[in-house]
Amino acid sequence: LFGLWHHLPPETICINPPSRAVEADRKPYQIRVAREVGFAIPPTLFSNDPAKIRGSIRKWGGRAIYKPLGSRKNFWWDSQAQRLVTLFTTAIDESSLPDDRTLTLTPGIYQPLLPKAFDLRVTVFGHTVFGTKILSQEQERSQIDWRNGQRTLHYESFEAGTKISQLCISMLCKLGLLMGCFDFVVTPDGDVVFLEVNEGGQFLWLESASGAPILDAFSDFLIQPRADFRWQPPPAPLRIQQVQVLAAERMAEAAETHVDPESFYLDAAEPAVEVKPDGQKNSS
């Protein structure tokens, strides 16, 4: 798939351009660009230096959060529990840190633990902006990282406002992206603090959660994928509920054309067979 990118005609429009998407996915780069365009950002330490990590936590009043430096492989298969495990943003203090050797081997992102009124997700297609208020403080498990309670949280459509919308658009322009999903913390005082932008974030679930007509807007965006895209809502926008059943049927049909994943693996009870150049077979 990566090799295919280099064979696309020059006029091909990608949402988002692959090379810019890879670049934008780097968290240290994001934070720098966010500060340059004018977002409020929290004090941030990217480090694997135990002394700096412990010192920063003390400077921030003894409470901080940790999140992984990368965003692509923060999950693994727990073979003992037979389940997929993922790493969420975690509240920490100095006493909860591991030993210095582990800190040195695990570079991460450290920030002060911000007070929250709620989390804010802003989805941007060109110049079209959808805000979603995430009521993350309603349950304990989602207070630090709303993804930890995503399926049971409440969501509301939210007017992001001209300033935040313009800053989001400016940041996408600077990153060379056509779309992005921004995450913010909104403090009890009403301050909007930038956390990150996901260049390939999921957004259809937000329509089901908040009622915003995101599917219709994105469908128009695919037809006219421009950085200055402005969606004109039709009298009766297409809603995701109208296509979910049909989409499920199409997906089921497509699944039948694929090879069963189990067929790719040898049964542990069967011997592996090695074929030699002379045609003879050895079992092991």
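The values are calculated or read from the model by the stated rules, or taken from the named source; none is laboratory data. Just so we're clear, the structure is a prediction, and the values are computed from it rather than from any experiment. Note: ideal-geometry Cβ built from the backbone for every residue, glycine included; neighbour counts use all protein chains shown. Each accessible area value is taken on the protein alone, full model and side chains, heavy atoms only, with ligands, DNA and RNA left out. Shrake-Rupley method; radii C 1.70, N 1.55, O 1.52, S 1.80 Å.
Quick look at the values:
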item	result
Any hit, the stretch 204-219, residues being open to solvent by less than 20 Å² (accessible area, probe 1.4 Å) and closer than 26 Å to PRO115 by Cα	yes
Residue match in the stretch 75-89 (condition: touching a residue at least 24 places away in the same chain (Cβ under 8 Å) and in contact with a Gly (Cβ under 8 Å, 6 or more places away or on another chain))	no
Some residue of the stretch 132-139 being closer than 26 Å to SER56 by Cα, in contact with a Leu (Cβ under 6 Å, 6 or more places away or on another chain) and in a strand (DSSP E or B)	no
Residues satisfying the stated conditions in the stretch 127-186, i.e. among the β-branched types (Val, Ile, Thr) and within 24 Å of ALA21 (Cα to Cα)	THR128, VAL129, THR132, ILE164, ILE169, VAL185
Residue tally, condition over 21 Å from CYS168 (Cα atoms) and either open to solvent by less than 30 Å² (accessible area, probe 1.4 Å) or without any contact (Cβ under 8 Å) to a residue 12 or more places away in the chain (or both), over the stretch 220-236	3
Every pair of residues 6+ apart whose Cβ atoms lie under 7 Å, when the first sits in the stretch 127-140 and is on the phi < 0 side of the Ramachandran plot and modelled with pLDDT of 95 or more while the second is part of a helix (DSSP H, G or I) and open to solvent by 10 Å² or more (accessible area, probe 1.4 Å)	HIS127/ILE169; VAL129/SER165; THR132/SER210; ILE134/TRP146; SER136/TRP146
Tally, over the stretch 196-205, of residues that are of a type in the set (A, V, I, L, M) and without any contact (Cβ under 8 Å) to a residue 40 or more places away in the chain	1
Index of the failed condition, ILE31 passing every other in (1) within 29 Å of ALA227 (Cα to Cα); (2) modelled with pLDDT under 85; (3) among the aliphatic types (A, V, I, L, M)	(2)
Top-ranked residue of the stretch 174-184 - restricted to ones that are surrounded by 21 or more Cβ atoms within 10 Å (Cβ to Cβ) and in contact with an Asp or Glu (Cβ under 6 Å, 6 or more places away or on another chain), ranked as nearest to LEU113 (Cα to Cα)	GLY180
Residues satisfying the stated conditions in the stretch 121-130, i.e. open to solvent by less than 10 Å² (accessible area, probe 1.4 Å) and assigned to a strand (DSSP E or B)	VAL122, THR123, VAL124, PHE125
Contacts under 9 angstrom Cβ, first residue in the stretch 162-189 being without any contact (Cβ under 8 Å) to a residue 40 or more places away in the chain, partner open to solvent by less than 30 Å² (accessible area, probe 1.4 Å) and among the hydrophobic types (A, V, I, L, M, F, W, C), 6 or more apart	none
Residue in the stretch 150-161 that is open to solvent by 20 Å² or more (accessible area, probe 1.4 Å) and under 24 Å from TYR29 (Cα atoms) present	no
ASN74, sole failed condition from (1) within 21 Å of the chain's Cα centre (by Cα); (2) under 21 Å from SER210 (Cβ atoms); (3) not acidic (Asp, Glu)	(2)
